[in-house]
Amino acid sequence: MSDTAERVQKIVVEHLGVEAEKVTPDASFIDDLGADSLDIVELVMAFEEEFGVEIPDDDAAEKITTVGDATSYIDEHRG
Amino acid sequence: MRRVVVTGLGLVTPLGGDVETSWANLIAGKSGAGQITRFDASNQKATIACEVKDKDHEWGFDADKRVDPKIQRQVDPFIVYGLDAAGQAIEDAGLTEMDEATRERAGVSIGAGIGGLPGIEYESVNLHERGPGRVSPHFVHGRIINLISGQVSIRYGLMGPNHAVVTACSTGAHSIGDAARMIRDDDADIMLAGGSESTVNPLGIAGFAQARALNTSMNDTPEKASRPYDKNRGGFVMGEGAGVVVLEEYEHAKARGAKIYAEVVGYGLSGDAYHVTAPHPEGRGAELSMRMALRKAGLEPCDIDYINAHGTSTMADTIELAAAKRVFGDDLCGASMSSTKSAIGHLLGGAGAVESIFCILAIRDQIVPPTLNLDDPDEGTEGVDLVPHTAKKREVNAVLNNSFGFGGTNASLVMKKVD
């Protein structure tokens, strides 16, 4: 697991209160991990904080639906 | 007329994370006061409070028992306390397995006086330091007052009336009174009713200290600082916690063989029409409230055995006592009257509910809780049994609870034993 993926997994586990094994790259935040729309807002804020990236609301809604999506988006947009 | 009885109790107080621990410590004359641990209070005028203790404490509160850790992270402590107390009351009433028809007729009326002040304070600083984009998406619904009722409804599937009273320190009593009326008026068969508060945070302590409401002169002896009716009283001690009861229509409770603690027979309400923080000097609002509660109960003043006073340990104590004397007679017709705020501090919006539960337990155990620190009773207390220092075994069939709040809002509840 890449450094980004590990840190993403840790944030997801903390914020959603789910087991680490369930936080796989294919796992959908809403369908598999039980997140609601506000949980997603909170997760995106945590990613922004952790990685120093800015994730616009439209990107969060359209491009980040799975754990793997989040990791790739962060890797692409980190300075 | 539909009768309303109490079939379940739940408490989170500075004396315990549940009903029996809180009650046992109260009857034993213990104090929940101490130095504030929640934050560094060294620059505050009052450095003491009656805090709900952490779970590793002998009488601590373990939020993980009933409240999802994810919710704990998103909401202010007053919601966590309220949710837990509601869960305790549901379990105590034997209502953990309600079918859909029952849940459609079961509602919630749990309020608070102030609500999520610690979270408002935190996010305000956060907004100023880091900008609007860093404010939590859970900020609003994790702080507003009706979200105890909302969370309880969601957690337990209760689809009846969903209500939340905000009447400062009368909240808990109004919440129970309003909920009892909802059952009487056939809006529901079951109501979870009560109040909660947690404002042991810098802004909460500073705000009440600036309003000259807190005792700021006994920081070195926190257990002595809440002293209702004593000559040396000098303001209240901030408390926190929650009390929730299950109210149920009498026939409904009887049909399912529920344990019945007491009947809610009288509810009085009034306004002082006088001042934002000070009570009317003659206690006219308090008197009106007590008289209305007795009239609705169909009881005579001499029927009341125990009065749980508002008794905050401020100048207002003697005004309440004078009003009670006008209603009940100079010796309160033999009733005992104590202020349990001497032990748990002032729970603001939680006070009326927690203290009503103490009244109910006084009926159950035929014992009245003490007024701690009543070393030198003030003038006007002669001939009245204020239950100084130690609890007292006595006959308790009918009780009255007083709660008065900023804005001049008053509520009194009368409850009695069911034969």
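The values are calculated or read from the model by the stated rules, or taken from the named source; none is laboratory data. Everything numeric here is computed off the predicted structure, so don't read it as measured data. Because the Cβ atoms are built from the backbone with ideal geometry, glycine has one as well, and the counts that use them run over all protein chains shown. We work out accessible area using only protein heavy atoms, side chains counted, and drop any ligands, DNA or RNA first. Shrake-Rupley method; radii C 1.70, N 1.55, O 1.52, S 1.80 Å.
In the range A:42-61, of all residues being more than 23 Å from A:Glu19 (Cβ to Cβ) and of a type in the set (Gly, Ala, Ser), the one that is nearest to the other protein chains (Cβ to nearest Cβ) corresponds to A:Ala60. Only a single item in (1) outside any helix (DSSP H, G or I); (2) under 26 Å from B:Arg130 (Cβ atoms); (3) not aliphatic (A, V, I, L, M) is not met by A:His15, and it is number (1).
For the range B:45-63, check the following and say yes or no: at least one residue is more than 30 Å from B:Tyr250 (Cβ to Cβ), acidic (Asp, Glu) and in contact (Cβ under 8 Å) with a residue 40 or more places away in the chain. Within the range B:45-63, one or more residues are more than 30 Å from B:Tyr250 (Cβ to Cβ), acidic (Asp, Glu) and in contact (Cβ under 8 Å) with a residue 40 or more places away in the chain.
The single condition among (1) under 22 Å from B:Gly133 (Cβ atoms); (2) buried (at least 19 other Cβ atoms within 10 Å of the Cβ); (3) in contact (Cβ under 8 Å) with a residue 24 or more places away in the chain that A:Tyr73 does not satisfy is (3). For the range A:41-70, taking the residues that are in contact (Cβ under 8 Å) with a residue 40 or more places away in the chain and over 9 Å from the mean Cα position of the chain (by Cα), the one that is most open to solvent (accessible area, probe 1.4 Å) is identified as A:Glu50. If you filter the range B:91-120 down to residues that are polar (S, T, N, Q) and open to solvent by 10 Å² or more (accessible area, probe 1.4 Å), you find that the one that is nearest to the other protein chains (Cβ to nearest Cβ) is B:Thr96. Checked against the criterion of being over 19 Å from the mean Cα position of the chain (by Cα) and in the same structural domain as B:Ala168 (by the TED database), the candidates B:Ala225, B:Ala273 yield just one match: B:Ala225. Just wondering, is there one or more residues in the range B:71-90 that are more than 14 Å from chain A (Cβ to nearest Cβ) and assigned to a strand (DSSP E or B)? Checking the range B:71-90: not a single residue is more than 14 Å from chain A (Cβ to nearest Cβ) and assigned to a strand (DSSP E or B).
Among the residues of the range B:98-119, those that are in contact (Cβ under 8 Å) with a residue 40 or more places away in the chain, part of a helix (DSSP H, G or I) and not charged (D, E, K, R) comprise B:Thr102, B:Leu117, B:Pro118, B:Gly119. Can you name every residue in the range B:124-140 that is without any contact (Cβ under 8 Å) to a residue 24 or more places away in the chain, open to solvent by less than 60 Å² (accessible area, probe 1.4 Å) and either outside any helix (DSSP H, G or I) or closer than 30 Å to B:His174 by Cα (or both)? Hits for the range B:124-140 are B:Gly131, B:Val135, B:Pro137, B:Phe139. The number of residues in the range B:52-70 that are in a helix (DSSP H, G or I) and open to solvent by less than 40 Å² (accessible area, probe 1.4 Å) comes to 1.
Could you say whether any residue in the range A:62-75 is in contact with a Lys or Arg (Cβ under 8 Å, 6 or more places away or on another chain) and away from every other protein chain (no Cβ under 14 Å)? Looking through the range A:62-75, at least one residue is in contact with a Lys or Arg (Cβ under 8 Å, 6 or more places away or on another chain) and away from every other protein chain (no Cβ under 14 Å).
For (1) in the same structural domain as B:Ala411 (by the TED database); (2) within 23 Å of B:Pro369 (Cβ to Cβ); (3) buried (at least 24 other Cβ atoms within 10 Å of the Cβ), each residue gets a yes or a no:
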{"residue": "B:Pro281", "(1), (2), (3)": "yes, no, no"}
{"residue": "B:Ala286", "(1), (2), (3)": "yes, yes, yes"}
{"residue": "B:Met290", "(1), (2), (3)": "yes, yes, yes"}
{"residue": "B:Leu294", "(1), (2), (3)": "yes, yes, no"}
{"residue": "B:Leu299", "(1), (2), (3)": "yes, yes, no"}
{"residue": "B:Asp303", "(1), (2), (3)": "yes, yes, no"}
{"residue": "B:Thr340", "(1), (2), (3)": "yes, yes, yes"}
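For the residues B:Phe406, B:Phe358, the requirement of being open to solvent by 40 Å² or more (accessible area, probe 1.4 Å), touching a residue at least 40 places away in the same chain (Cβ under 8 Å) and within 17 Å of the chain's Cα centre (by Cα) singles out B:Phe406.
One line per residue, one yes/no per condition, for (1) farther than 25 Å from B:Ala85 by Cβ; (2) away from every other protein chain (no Cβ under 14 Å):
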| position | (1), (2) |
| --- | --- |
| B:Tyr122 | no, yes |
| B:Leu127 | yes, no |
| B:Val140 | no, no |
| B:Ile145 | no, yes |
| B:Ser153 | no, yes |
| B:Tyr156 | no, yes |
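Contact map, the range A:1-22: first residue within 14 Å of chain B (Cβ to nearest Cβ), second residue open to solvent by 40 Å² or more (accessible area, probe 1.4 Å) and of a type in the set (Lys, Arg), Cβ cut-off under 6 Å, separation 6 or more or different chains; pairs are A:Gly17/B:Lys70. For the range B:29-39, the count of residues that are of a type in the set (Lys, Arg) and either touching a strand residue (DSSP E or B) at 6+ places or on another chain (Cβ under 9 Å) or not in a loop (DSSP other than H, G, I, E, B) (or both) is at least one. Looking for something away from chain B (no Cβ under 11 Å) and out of contact with any helix residue (DSSP H, G or I) (no Cβ under 6 Å at 6 or more places or on another chain) - is there at least one such residue anywhere in the range A:31-41? Among the residues of the range A:31-41, at least one is away from chain B (no Cβ under 11 Å) and out of contact with any helix residue (DSSP H, G or I) (no Cβ under 6 Å at 6 or more places or on another chain), which makes the answer yes. Residues in the range B:237-259 that are out of contact with any Phe, Trp or Tyr (no Cβ under 8 Å at 6 or more places or on another chain) and either open to solvent by 10 Å² or more (accessible area, probe 1.4 Å) or farther than 18 Å from B:Ala180 by Cα (or both): B:Val237, B:Gly239, B:Glu249, B:Tyr250, B:Glu251, B:His252, B:Lys254, B:Ala255, B:Arg256, B:Gly257, B:Ala258, B:Lys259. Residue check: B:Arg38 meets all listed conditions (1) within 30 Å of B:Gly150 (Cβ to Cβ); (2) surrounded by fewer than 16 Cβ atoms within 10 Å (Cβ to Cβ); (3) of a type outside the set (S, T, N, Q) but one, namely (2).
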